[in-house]
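*Asks:* I am attaching a structure below and will ask some questions about it afterwards.
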Amino acid sequence: MFDSGKRVFWFIVGVLSVLLAAIGVPLPLLPTTPFLLLAAFAFARSSERMHRWLLKHKTFGPLIENWHKYGSIDARSKRIALLVIVLTPVLSWLFGAPVWTVWVQVGILSCSAIFILTRPNPPEGDNVGDS
């Protein structure tokens, strides 16, 4: 199906994407979900074992499943993301970041919040990550 060079390329993309997603969990300006989706895409083309691991992962799996099934973000993930989005510029300001940096964060994070808020919730009863 794929030659070994392509498989290696996609495997490296998958691993790097998972690493960036993991780093993005505590860093709100680095998004987690897009990197997880890229990792799932890459592992589907390179490693059945890693693809299965990612989809069954306790934390990452439900996010990917909700997105694949419904293009949705569960309510719990939205609440956490929005809390981090609100706290980030406040904490930056409290820790003495330059004002221009705080305003750049507000601008970028506002766009992220709009995107998150405009994604639907998964259907009732099938809310994978909201248990």
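*Asks:* For region 38-131, place one equal point scatterer on every Cα, skip the solvent, and apply the Debye formula. What is log10 of I(q)/I(0) at q = 0.15, 0.18, 0.19, 0.24 Å⁻¹?
*Replies:* -0.72, -0.87, -0.91, -1.09
*Asks:* Could you tell me the distance between the Cα centroids of region 4-55 and region 61-110, to the nearest Å?
*Replies:* If we compute the Cα centre of each part, the gap is 20 Å.
*Asks:* Hey, which lysines would be in cross-link range of residue 69, C-alpha to C-alpha under 19 Å, not counting anything within fewer than 8 residues on its own chain?
*Replies:* Leaving aside lysines fewer than 8 places away in the same chain, those within reach of residue 69 are 56, 58, 78.
*Asks:* Oh, and also: Between residue 41 and residue 82, how many nm apart are label points set 7 Å from Cα along the C-beta direction?
*Replies:* 2.8
*Asks:* Now a separate question. What FRET efficiency comes out for residue 52 versus residue 103 if R0 is 30 angstrom and r is the Cβ-Cβ distance? Round to the nearest 0.05.
*Replies:* 0.10
*Asks:* Quote the charge dipole size of the chain about the Cα centre in Debye, to the nearest 20; the model charges only the Cβ of Lys and Arg (+1) and of Asp and Glu (-1).
*Replies:* The calculation lands at about 260 debye.
*Asks:* Okay, next question. Given only helices, namely DSSP H runs of n ≥ 4 each adding -39500 (n - 2.57), what is the per-residue ellipticity at 222 nm of the chain, to the nearest 500 deg cm²/dmol?
*Replies:* After summing the helix terms and dividing by the residues of the chain, the value is -23500 deg cm²/dmol.
*Asks:* Using 7 Å Cα-to-Cβ label points, what is the residue 91/residue 121 separation (nm, one decimal)?
*Replies:* 2.6
Since every read-out is calculated from the coordinates, none of them should be taken as a lab result. Values in this document were obtained by computation on a predicted structure and should not be read as measured data. Heads up, the Cβs are rebuilt from the backbone with ideal geometry, glycines too, and the neighbour counts pull from every protein chain shown.
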